[in-house]
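No value in this document is a laboratory result; all are computed from the given coordinates. This structure is a prediction, so every number in the text was calculated from the model and none was measured. Here the Cβ positions follow ideal geometry from the backbone for every residue, glycine too, while neighbour counts run over all protein chains shown.
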Amino acid sequence: MRMPNGPRYHDDFYAWTQYQAEVLRTMAVADDRFDRENVVEEIETLGRSERDAVRSQVRRIIEHLLKLAYSPAEPPRYSWMETVLDARQTLSDKISPTLRQDAEENLDKLYADGRKRAALHQYGEPQAADALPQTCPYSLDDICREGWYPQRPGAKP
């Protein structure tokens with residue numbers, strides 16, 4: 001059986017879906033019973049769903065890292081850490097080389113979205129919301145790194 005020359009299903013699912021959709025789109029179809037356009041669309045949608053899930057987890061992690069770093073609130077901090085842990089585990093399950101590259105390329109937008117969410121949830125702490133950095137202070141490696149949490153600005157390490 002001839003294997004495709006493109007990305008492998010188990011190595012990079014997102015890249016595989018996009019490649020397979022393109023292959024299907026360019027193949028000649030002799031049997032009109034095959035609903036090529038809808039099958040192509042469904043395969044592409046599966047890939048976009050994975051991409052969107054990765055982006056969502058990156059936004060979620062950014063939001064909670066910002067809360068940890070900038071909110072003066074004490075009691076909810078462990079729940080924020082638990083949210084980061086859960087999001088990192090989900091992200092680890094879904095991220096692939098292509099989706100990692102996508103997250104890197106879109107980090108500024110993902111940060112802006114996560115920042116907006118963190119600013120909304122500062123529990124009436126306008127100074128904390130105002131202190132949130134305008135540009136992303138975290139690398140994608142920081143965002144993905146298990147067990148890593150930011151220090152509060154001015155805190156002793």
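Sequentially through the range 143-152, phi angles give Karplus couplings (6.51, -1.76, 1.60; θ = phi - 60°) of 4, 8, 5, 4, x, 8, 9, x, 7, 5 Hz, Gly and Pro residues having no value and appearing as x. Taking each DSSP H run with n ≥ 4 as -39500 (n - 2.57) and averaging over every residue of the chain yields -21000 deg cm²/dmol at 222 nm.
Spin-label model, Y9/E146: points 7 Å from Cα along the beta carbon direction are separated by 2.7 nm.
Relative contact order, whole percent, for the chain stands at 26, derived from Cα pairs under 8 Å and 6 or more residues apart.
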